[in-house]
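None of the figures in this text is laboratory data; all of them are computed from the coordinates on show. Note that this is a predicted model, so its numbers are computed, not measured. In this analysis, Cβ positions are derived from the backbone assuming ideal geometry, glycine residues included, and neighbour counts consider all displayed protein chains.
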């Protein structure tokens with residue numbers, strides 16, 4: 001269905017007057033994919049939502065799959081940065097793990113639509129499968145950090161490291177279900193600026209030390 | 001699209017030779033909805049996956065929306081049962097909260113496709129909006145329990161009760177992303193029988209007491 005739409009819709013030369021730069025185009029495309037599902041979104045849907053012609057979108061990208069690739073890439077590049085930052089710390093594994101959780105939440109706050117899209121990718125297209133492969137690399141790094149922290153005696157040994165890693169990042173990823181940046185308005189009562197760390201403080205307090213007093 | 005498909009497809013009298021009872025029909029329909037998305041699934045897709053005629057499905061239900069209503073209803077009825085069980089306990093709020101977490105996980109283990117479907121409902125149809133309304137009732141009960149436990153001094157006061165409730169059930173709900181019943185095979189290394197409590201033990205250990213030693 002997608003291939004047929006592409007063949008029909010794609011104009012020859014790239015032209016048109018784009019009303020968005022690539023960054024805002026990606027954020028809005030990711031939002032529409034999240035609302036309607038990637039498979040259920042056509043280039044017409046995107047053009048309508050953006051209030052531009054399809055030609056204006058093709059000015060930036062070759063089509064829907066490239067939008068997905070770039071949008072998930074933005075989330076994954078952010079996560080890679082969080083991994084590099086955490087790995088470079090001269091600190092025990094449990095502290096590097098906490099730094100990675102905080103870095104992941106900062107990426108999630110800054111790139112909410114793209115991270116949400118990444119978490120919903122199913123693997124029907126090559127761009128989706130590539131994104132899933134990079135997600136699995138990230139998951140492996142998390143699982144290795146948890147294992148190392150457990151060997152250090154810093155993480156409870158009664159839950160397997162693989163399950164601990166999944167539950168920890170299950171909690172982190174669940175933020176995409178309800179967290180909305182302050183300028184979009186919603187229930188979160190942090191001090192307001194994304195990246196101020198108050199959301200990460202809440203997650204780390206509960207995940208590392210538990211909700212029980 | 002759905003209404004048109006219904007008008008075309010629905011046979012007059014209910015007939016056909018159903019190959020499934022309603023329970024297994026619902027579980028498989030929920031699985032297909034989860035894989036393809038509810039909007040992207042047609043009655044033809046369901047019939048093909050079940051290996052029966054559409055008439056055999058119409059023997060049980062009036063159409064796609066009734067399948068969604070019954071499948072999410074099964075998850076919600078299970079959660080209502082977990083709420084009733086937890087509420088009836090003569091115990092402090094934090095213990096009733098833990099009982100509710102354990103009850104929710106037992107429902108998730110027993111009704112994985114229907115619970116997963118419930119968590120993915122978007123609200124495009126009346127059946128979806130009704131399911132979302134019942135989900136909100138459940139969320140309110142959780143939030144009230146967390147508040148009560150915080151008033152008792154049993155839950156850390158440095159994270160708001162609303163956020164604590166969301167993170168706790170964010171962790172619980174994230175199980176649907178990777179947990180698969182043992183008979184379907186996957187990474188979980190519990191002792192094997194759904195409802196044996198080992199998955200709930202892991203979640204409660206980390207959520208209530210933290211992953212840090």
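Data for the structure
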{"quantity": "Paramagnetic reach from residue B:144 in the range B:66-100 [backbone N under 19 Å; point 7 Å along Cα→Cβ]", "calculated": "B:76-100"}
{"quantity": "Where N is the number of residues in the range B:69-213, Cα Rg divided by 2.2 N^0.38 Å", "calculated": "1.04"}
{"quantity": "Inter-copy label distances at residue A:21 (7 Å, Cα→Cβ; nm, one decimal)", "calculated": "6.2"}
{"quantity": "Label 7 Å beyond Cα on the Cβ vector: residue B:80 copy-to-copy distances, nm", "calculated": "5.0"}
{"quantity": "Kirkwood-Stokes translational diffusion coefficient of the range B:90-130, alpha-carbon pairs, 37 °C, 0.692 mPa s, µm²/s", "calculated": "275 µm²/s"}
{"quantity": "Shortest-first distances to equivalent copies, position residue B:44, nm, label 7 Å out along Cβ", "calculated": "1.9"}
{"quantity": "The range A:8-143: equivalent-ellipsoid semi-axes (sqrt of 5 x gyration tensor eigenvalues, Cα, Å)", "calculated": "32, 14, 12"}
{"quantity": "Mean separation of Cα contacts under 8 Å, 6 or more apart, over the residue count of the range B:71-209: relative contact order %", "calculated": "28 percent"}
